[in-house]
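J.: What follows is a single structure, and I will ask about it in a moment.
The values are calculated or read from the model by the stated rules, or taken from the named source; none is laboratory data. Source: prediction; values computed, not measured. Positions of Cβ are generated from backbone atoms using ideal geometry, with glycine treated the same way; all protein chains shown enter the neighbour counts. When the accessible area is computed, the model is the full protein with side chains, heavy atoms only, and any ligands, DNA or RNA have been set aside. Shrake-Rupley method; radii C 1.70, N 1.55, O 1.52, S 1.80 Å.
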Amino acid sequence: MNKRKKTIKKMAFVLAGAGACLLAMAVLLFLSEGRFITFPRTDLAPVGFALVGAVYLIGAIGMSVITADQKAMIEENDERSKIIEAKSGIVAFVTQTLLLFSGIVLLIFTGYLNGVSALCLLAVLVVSIVVFVLAQTYYGKII
(Lines give C-alpha, C1' and ligand atoms only; values in the text may rest on other atoms or scores of the structure.)
Protein backbone atom coordinates (compact mmCIF):
# COMPACT_ATOMS: atom_id res chain seq x y z
CA MET A 1 0.00 0.00 0.00
CA ASN A 2 1.56 3.29 -1.04
CA LYS A 3 1.97 6.35 1.17
CA ARG A 4 -0.85 8.31 -0.46
CA LYS A 5 -3.37 5.54 0.08
CA LYS A 6 -2.39 5.25 3.75
CA THR A 7 -2.78 9.00 4.23
CA ILE A 8 -6.25 8.98 2.68
CA LYS A 9 -7.28 6.07 4.89
CA LYS A 10 -6.07 7.96 7.99
CA MET A 11 -7.95 11.07 6.91
CA ALA A 12 -11.10 9.01 6.36
CA PHE A 13 -10.74 7.50 9.84
CA VAL A 14 -10.37 10.95 11.45
CA LEU A 15 -13.33 12.28 9.47
CA ALA A 16 -15.48 9.30 10.49
CA GLY A 17 -14.49 9.81 14.13
CA ALA A 18 -15.43 13.48 13.98
CA GLY A 19 -18.74 12.60 12.32
CA ALA A 20 -19.52 10.04 15.01
CA CYS A 21 -18.70 12.58 17.73
CA LEU A 22 -20.99 15.15 16.13
CA LEU A 23 -23.80 12.61 15.84
CA ALA A 24 -23.31 11.67 19.51
CA MET A 25 -23.46 15.36 20.41
CA ALA A 26 -26.71 15.67 18.46
CA VAL A 27 -28.20 12.78 20.41
CA LEU A 28 -27.03 14.29 23.72
CA LEU A 29 -28.46 17.69 22.82
CA PHE A 30 -31.75 16.09 21.82
CA LEU A 31 -32.01 14.05 25.01
CA SER A 32 -30.98 16.92 27.31
CA GLU A 33 -33.59 19.26 25.79
CA GLY A 34 -31.47 22.33 26.54
CA ARG A 35 -30.94 21.65 30.25
CA PHE A 36 -27.14 21.67 30.19
CA ILE A 37 -26.16 23.56 27.05
CA THR A 38 -28.32 26.39 25.78
CA PHE A 39 -28.50 27.87 22.31
CA PRO A 40 -30.87 30.54 21.04
CA ARG A 41 -32.67 27.73 19.16
CA THR A 42 -32.21 24.63 21.31
CA ASP A 43 -34.87 22.81 19.31
CA LEU A 44 -32.81 23.03 16.09
CA ALA A 45 -29.30 22.53 17.51
CA PRO A 46 -29.46 18.70 17.40
CA VAL A 47 -30.53 18.85 13.75
CA GLY A 48 -27.49 20.97 12.84
CA PHE A 49 -25.05 18.71 14.67
CA ALA A 50 -26.63 15.59 13.14
CA LEU A 51 -26.52 17.09 9.63
CA VAL A 52 -22.83 18.01 9.87
CA GLY A 53 -22.02 14.61 11.43
CA ALA A 54 -23.81 12.83 8.60
CA VAL A 55 -21.91 14.87 5.98
CA TYR A 56 -18.62 13.95 7.67
CA LEU A 57 -19.53 10.26 7.69
CA ILE A 58 -20.56 10.38 4.01
CA GLY A 59 -17.22 12.03 3.20
CA ALA A 60 -15.35 9.33 5.11
CA ILE A 61 -17.24 6.58 3.30
CA GLY A 62 -16.49 8.25 -0.04
CA MET A 63 -12.79 8.44 0.77
CA SER A 64 -12.76 4.76 1.77
CA VAL A 65 -14.48 3.74 -1.46
CA ILE A 66 -11.94 5.68 -3.52
CA THR A 67 -8.99 3.99 -1.79
CA ALA A 68 -10.57 0.57 -2.27
CA ASP A 69 -10.85 1.10 -6.04
CA GLN A 70 -7.39 0.51 -7.54
CA LYS A 71 -8.32 2.19 -10.84
CA ALA A 72 -9.37 5.38 -9.05
CA MET A 73 -6.03 5.68 -7.28
CA ILE A 74 -3.45 7.32 -9.55
CA GLU A 75 0.14 6.37 -8.95
CA GLU A 76 2.10 8.74 -6.75
CA ASN A 77 4.76 9.42 -9.38
CA ASP A 78 2.29 10.34 -12.16
CA GLU A 79 3.18 13.87 -13.33
CA ARG A 80 -0.32 14.56 -14.65
CA SER A 81 -1.79 13.87 -11.22
CA LYS A 82 0.69 16.19 -9.51
CA ILE A 83 -0.07 19.07 -11.91
CA ILE A 84 -3.84 18.72 -11.57
CA GLU A 85 -3.57 18.59 -7.80
CA ALA A 86 -1.29 21.63 -7.70
CA LYS A 87 -3.49 23.69 -10.03
CA SER A 88 -6.77 22.87 -8.31
CA GLY A 89 -5.62 23.10 -4.72
CA ILE A 90 -7.77 20.12 -3.85
CA VAL A 91 -6.77 19.51 -0.27
CA ALA A 92 -7.00 23.12 0.88
CA PHE A 93 -10.24 23.75 -0.95
CA VAL A 94 -11.99 20.64 0.36
CA THR A 95 -10.90 21.42 3.91
CA GLN A 96 -12.03 25.02 3.64
CA THR A 97 -15.37 24.06 2.08
CA LEU A 98 -16.06 21.42 4.69
CA LEU A 99 -15.22 23.74 7.58
CA LEU A 100 -17.21 26.63 6.13
CA PHE A 101 -20.22 24.40 5.50
CA SER A 102 -19.98 22.98 9.01
CA GLY A 103 -19.75 26.43 10.56
CA ILE A 104 -22.68 27.78 8.57
CA VAL A 105 -24.92 24.83 9.37
CA LEU A 106 -24.04 24.83 13.05
CA LEU A 107 -24.56 28.60 13.34
CA ILE A 108 -27.92 28.36 11.55
CA PHE A 109 -29.25 25.51 13.60
CA THR A 110 -28.04 26.91 16.93
CA GLY A 111 -29.75 30.21 16.16
CA TYR A 112 -26.69 32.45 15.95
CA LEU A 113 -26.97 33.16 12.20
CA ASN A 114 -29.97 34.85 10.62
CA GLY A 115 -31.47 33.96 7.24
CA VAL A 116 -29.98 36.74 5.12
CA SER A 117 -26.44 36.15 6.37
CA ALA A 118 -26.84 32.41 5.92
CA LEU A 119 -28.01 32.77 2.31
CA CYS A 120 -25.09 35.08 1.49
CA LEU A 121 -22.54 32.68 2.97
CA LEU A 122 -24.14 29.69 1.27
CA ALA A 123 -24.12 31.56 -2.07
CA VAL A 124 -20.39 32.22 -1.66
CA LEU A 125 -19.88 28.55 -0.88
CA VAL A 126 -21.84 27.43 -3.98
CA VAL A 127 -19.92 29.84 -6.24
CA SER A 128 -16.58 28.59 -4.92
CA ILE A 129 -17.62 24.97 -5.50
CA VAL A 130 -18.71 25.75 -9.07
CA VAL A 131 -15.40 27.52 -9.79
CA PHE A 132 -13.49 24.58 -8.33
CA VAL A 133 -15.34 22.03 -10.46
CA LEU A 134 -14.86 24.13 -13.60
CA ALA A 135 -11.15 24.62 -12.88
CA GLN A 136 -10.65 20.93 -12.26
CA THR A 137 -12.46 20.06 -15.49
CA TYR A 138 -10.47 22.64 -17.44
CA TYR A 139 -7.10 21.52 -16.09
CA GLY A 140 -8.07 17.88 -16.57
CA LYS A 141 -8.69 18.53 -20.27
CA ILE A 142 -5.62 20.65 -21.06
CA ILE A 143 -3.10 18.59 -19.13
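J.: Could you tell me the calculated FRET efficiency between Phe13 and Phe93, based on Cβ-Cβ distance and R0 = 30 angstrom, to the nearest 0.05? Mind dumping the intermediate values first?
T.: Values: r = 21 Å, r/R0 = 0.71.
The calculated FRET efficiency here is 0.90.
J.: So with the 1.4 Å probe, I'd like the accessible area per residue for region 1-48, rounded to whole Å². Mind showing how you got there, number by number?
T.: Working: 3370 Å² over 48 residues.
Accessible surface, normalised per residue, equals 70 Å².
J.: Next question. Read phi for every residue in region 126-132 and hand back ³J(HN,Hα) as whole Hz from Karplus 6.51 cos²θ - 1.76 cosθ + 1.60, θ = phi - 60°, with x for Gly and Pro.
T.: Calculated HN-Hα couplings, in order: 5, 4, 5, 5, 4, 4, 4 Hz.
J.: How far apart, in nm, are two points set 7 Å out from the Cα along the Cα-to-Cβ line at Phe36 and at Leu125?
T.: It works out to 2.7 nm between the two label points.
J.: Now a separate question. Mind jotting down the distance between the C-alpha centroids of region 1-50 and region 123-139, whole Å?
T.: When both Cα centres are located, 27 Å separates them.
J.: Right, something else. Mind giving me the nanometre distance, one decimal, between the label points for Ala118 and Cys21, set 7 Å out from Cα along Cα→Cβ?
T.: The modelled label-to-label distance comes out at 2.5 nm.
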